[in-house]
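Peer 1: The structure follows.
The values are calculated or read from the model by the stated rules, or taken from the named source; none is laboratory data. Just so it is clear, the model here is predicted, and its values are computed rather than measured. Glycine also receives a Cβ, built like all others from the backbone with ideal geometry; neighbour counts cover every protein chain displayed. Heavy atoms of the whole protein, side chains included, go into the accessibility calculation; ligands, DNA and RNA do not. Shrake-Rupley method; radii C 1.70, N 1.55, O 1.52, S 1.80 Å.
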Amino acid sequence: MGDCIFCRIARGEIPCRKVYEDDELLAFHDIHPVAPVHFMLIPKLHLASLAEAGDGHAALLGRMLVLAPKLAREQGLENGFRTVINTGKGGGQEVLHFHIHIIGGGSIPPMVRHG
Ligand code: 5GP
Ligand code: ZN
């Protein structure tokens, strides 16, 4: 995906504030953080969204979920964090390259207001 912004970040064509990198995955700080700590974990391969994930992506997605709390702790989120995956138009996804938001620090409001 030549012009996908997160593919370009993964290839090093657009700079980012890197949190973590290995052969398959990259984590970097969100350019518009919504909390004191807000970074994204992405696969380097282009997968548009969770809706496009198939059985062949299971190991990769599993690796991402296992890595997320380790990176969160390294970023100082010992007390917990929020993970957000926006999927497609209906989920408010703006960048069509699968990513997990990891958000924390400060006070994180409840996600759903009751009453
Ligand atoms: P989405 O709404 O697709 O789940 O989230 C996309 C996120 O990517 C947004 O929070 C936005 O701030 C972030 N973002 C968009 N473009 C860039 C960029 O060029 N660099 C970084 N670091 N974050 C970006
Ligand atoms: Zn991409």
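Peer 1: Return the pair list, or none, for Cβ contacts closer than 7 Å from residues in the range 25-37 that are more than 10 Å from ligand 1 (Cβ to nearest atom) to residues that are of a type in the set (S, T, N, Q) and in a loop (DSSP other than H, G, I, E, B), at least 6 apart or on different chains.
Peer 2: Cβ pairs passing all conditions: Val37/Gln75.
Peer 1: What pairs can you find where one residue is in the range 75-87 and within 18 Å of Ala53 (Cα to Cα), the other is outside any loop (DSSP other than H, G, I, E, B) and open to solvent by 50 Å² or more (accessible area, probe 1.4 Å), and their Cβ atoms are less than 8 Å apart, with a gap of 6+ or different chains?
Peer 2: Filtered contacts from the range 75-87: Ile85/Leu50; Thr87/Leu50; Thr87/Ala51.
Peer 1: Of all residues being hydrophobic (A, V, I, L, M, F, W, C) and under 13 Å from Ala48 (Cα atoms) in the range 88-115, which is farthest from ligand 2 (Cβ to nearest atom)? Just the residue, please. Show your work before the answer.
Peer 2: So in the range 88-115, the residues hydrophobic (A, V, I, L, M, F, W, C) come out as 95-96, 98, 100, 102-103, 108, 111-112.
Next, only the ones that are under 13 Å from Ala48 (Cα atoms) stay: 95-96, 98, 100.
Working: Val95: 8, Leu96: 7, Phe98: 8, Ile100: 14 Å.
Checking each candidate, the answer is Ile100.
Peer 1: Also: Got a number for residues in the range 11-63 being within 13 Å of ligand 2 (Cβ to nearest atom), of a type in the set (Val, Ile, Thr) and in a strand (DSSP E or B)?
Peer 2: So the answer is 1.
Peer 1: Then there is this: Conditions first: (1) open to solvent by 80 Å² or more (accessible area, probe 1.4 Å); (2) within 15 Å of ligand 2 (Cβ to nearest atom). Phe6 passes all but one, so which condition is the exception?
Peer 2: Every listed condition holds for Phe6 apart from (1).
Peer 1: Right, another one. Here are some residues: Gly88, Gly80. Which one is modelled with pLDDT of 95 or more, open to solvent by less than 30 Å² (accessible area, probe 1.4 Å) and at positive phi? Walk me through how you get there before you give the answer.
Peer 2: Working: Gly80 fails: open to solvent by less than 30 Å² (accessible area, probe 1.4 Å).
It is Gly88.
Peer 1: A follow-up question, please. Somewhere in the range 21-30, is a residue in contact with a helix residue (DSSP H, G or I) (Cβ under 7 Å, 6 or more places away or on another chain), open to solvent by 70 Å² or more (accessible area, probe 1.4 Å) and not hydroxyl-bearing (Ser, Thr, Tyr)? Quick ask: steps written out before the conclusion?
Peer 2: Filtering the range 21-30 for residues in contact with a helix residue (DSSP H, G or I) (Cβ under 7 Å, 6 or more places away or on another chain) gives 24-28.
Going one step further and asking which of them are open to solvent by 70 Å² or more (accessible area, probe 1.4 Å), we end up with 24.
The next check asks that each one be not hydroxyl-bearing (Ser, Thr, Tyr); those that pass are 24.
Yes, the conditions are met somewhere in the range 21-30.
Peer 1: Is the range 67-85 home to any residue that is outside any helix (DSSP H, G or I) and within 16 Å of ligand 2 (Cβ to nearest atom)?
Peer 2: Initial filter on the range 67-85 (outside any helix (DSSP H, G or I)): 75-85.
Still in the running and within 16 Å of ligand 2 (Cβ to nearest atom): 85.
Yes, the range 67-85 has at least one match.
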